[in-house]
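Please read the structure below before turning to the comments.
The values are calculated or read from the model by the stated rules, or taken from the named source; none is laboratory data. In this text, all values refer to a predicted model and were calculated from it rather than measured experimentally. As a convention, Cβ positions derive from the backbone with ideal geometry for all residues, glycine included, and neighbour counts pool all protein chains shown. These area figures cover heavy atoms from the full protein model, side chains too; ligands, DNA and RNA do not enter into them. Shrake-Rupley method; radii C 1.70, N 1.55, O 1.52, S 1.80 Å.
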Amino acid sequence: MGRLEENIRVNGVGPINVQAISAHQHCFSYDFSCASEIFPPKSIALASDRSRLELGYCGNHVSIRDLRGYIVYTKYIFFLAVSLIVSLTANCFAEVSKKNLDETARFAVAQLHVVGASVLVARGDHVLLHKAYGKADIGLGVLSQPDSVYHVVGPTFPLVGIAVMQQVERGKLSLDDDISKFVPEFSTQGHTITVRQLLNHTSGIPDYHYLGDSDDSVQRRPKAMDEVISLFAGRPWIHAPGASWDWTISDFPLLVTILERVTGEGFEEYVHKNILEPANATSTTYYDDSKLIRGLSTGYDRIGDGFAISHADGMSDSYEMRYCSTVTDLYHIWRALRKGELVSPGTLAQMSTAEGPTTHAFATGREIQYGLSLVLSREDGHNNIGHHGASFGHSASLYEFPADDLTVVVLSNVNDQSAYFIGRALARRALGLPTLPTDGPSKSPRLLSDNSISTTEQSQIAGTYIVRLPAVQTGRATLQQYRRTYRVFNENGRLMIEALGDAPERLLKQADGSFARNSSPTGSIVFNVKADRTIEMNMEEGPYMFTGARIGSGDLHTFYSTSNNN
């Protein structure tokens, strides 16, 4: 046996040690034997770097080529047989990557202006980065911890899918069962909807989160499951079942109801016994207003360049959205799923497969599909599966890259998709992919003025308004049913605006004649006045322009009675 040992650099990466001795346990290694005949080339991906090398050998020569075919290393061997192992030296993969991943996380958290975040990046069972950034509570100055607790929305949706598929494996459910078999009181309006269509969001049921008043006005009120279902029951279907894909969170409370009726157990009890305990997820807690959840980060909503505590009630939504957890627990749940400890590998493969209309999900310009309660996406050719989401002042993201054995979990305490974008940045760094382009500096909120407004003008614009989104702006079918009720009124000389179920606030007149609110300093409100009376209110909020007619005065009777008819 000959011995080959050489330190080289490949495309600026390294040093790489080519040797015939054991490699570090976290580095990829391959053995190659070479005789005097030509062997097919082998490929190896260096786990921590962007280079992909091709090892070729013929006769007494060993060469290493990059993907462009350039020889970046060659060595003449005087022996007929060589055992070749490629490994990283110095600090090797884990240590080098931890520093790089930490830098990426810090940059992303700062760039996105996140209050606090916890992250976990792992290859297989080996954790590469487990760290926290920012604060768990701004007012108290409490720092985030690697295992701070967050209200999790997004990665908890697959819990429903796992639970349902467990019942499929046990023969108690079929994916092609008509849901009326289990929830006969829910009117399907003449449609036949299957369990499969609830899991893959082809049911056609409108998403109650995007209907306006029916959900937004009661976000601070705890609900039983039938109250959650009542938020969308009776609404027009957005498409025929199975005809199209459209994300709708309304599918989950129906699935939870089916699961409880099939198993005879409450959702919390079932998930704890059949998912959390087997996965050793000891810090995952079902949210209840009567419970004290230790280590729970305070959730925040963005207000201009600052933040305000989110006051949405964690019990106001479906049961699967009432969980608090840590990045470690979510990682444990996913690893248990991957290892076949929760469902069989064949079932997971079924959950990870898109079919029909689910092959074209999320109109974001990226290649995204949807399986059975799982998002299927790609990062420059690297497939990933998982889920992300945001609500209750928190955001969450969990994605695995199966072929790369890479899992990235991010939780943050800001009600946006910051966890998802931090997760993507970390995944791309770990995979050696180019950094995503940034959108440049965010638009700074304008400094609001508070110009005087006459009593006459106040009386002209006072009233109750119902705003909608013009169909051309919606992008999502459910938004065509969006309606939100506002009233503009005079409170002891102050012009106020109030959305149904939200706190009233000052309506501030700007120099250009438009109006604005402190809760949305980048938005603007314009009133169209004809014949001394406002007939329309136009509200610009982010990418959307809401418009609505004045339907009456701004008194309480008009405000509340009109909203009951939405």
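Odds and ends about this structure:
- Pairs with Cβ under 6 Å, 6+ apart, first in segment 350-361 and in a loop (DSSP other than H, G, I, E, B), second open to solvent by 50 Å² or more (accessible area, probe 1.4 Å) and modelled with pLDDT of 90 or more: Ala354/Gln369; Ala361/Gln369
- When residues in segment 246-295 are screened for being open to solvent by less than 60 Å² (accessible area, probe 1.4 Å) and outside any loop (DSSP other than H, G, I, E, B), 20 of them pass.
- Number of the exception - Ser459 against (1) modelled with pLDDT under 85; (2) polar (S, T, N, Q); (3) surrounded by fewer than 16 Cβ atoms within 10 Å (Cβ to Cβ): (1)
- Looking across segment 469-490 at every residue that is modelled with pLDDT under 75 and under 25 Å from the mean Cα position of the chain (by Cα), the one that is most open to solvent (accessible area, probe 1.4 Å) is identified as Gly475.
- Taken across segment 180-201, residues that are touching a Pro at 6+ places or on another chain (Cβ under 6 Å), part of a loop (DSSP other than H, G, I, E, B) and open to solvent by less than 40 Å² (accessible area, probe 1.4 Å) do occur, with at least one present.
- Any pair with Cβ under 7 angstrom, 6 or more apart, that starts in segment 414-439 at a residue that is at negative phi and open to solvent by 60 Å² or more (accessible area, probe 1.4 Å) and ends at one that is among the charged types (D, E, K, R) and part of a helix (DSSP H, G or I): Thr435/Arg428
- Residue within segment 317-338 that is in a loop (DSSP other than H, G, I, E, B) and at positive phi present: no
- Residue, farthest from the chain's Cα centre (by Cα), within segment 542-566, restricted to residues that are surrounded by 14 or more Cβ atoms within 10 Å (Cβ to Cβ) and modelled with pLDDT under 85: Thr562
- Ala354 over 19 Å from Thr248 (Cα atoms), open to solvent by 10 Å² or more (accessible area, probe 1.4 Å) and of a type in the set (A, V, I, L, M): no
- Of residues in segment 229-238 being open to solvent by less than 30 Å² (accessible area, probe 1.4 Å) and assigned to a loop (DSSP other than H, G, I, E, B), the one farthest from Ser316 (Cα to Cα): Phe232
- Yes/no for Gly204 being buried (at least 16 other Cβ atoms within 10 Å of the Cβ) and in contact with a strand residue (DSSP E or B) (Cβ under 6 Å, 6 or more places away or on another chain): no
- Met537 out of contact with any Pro (no Cβ under 9 Å at 6 or more places or on another chain) and open to solvent by less than 80 Å² (accessible area, probe 1.4 Å): yes
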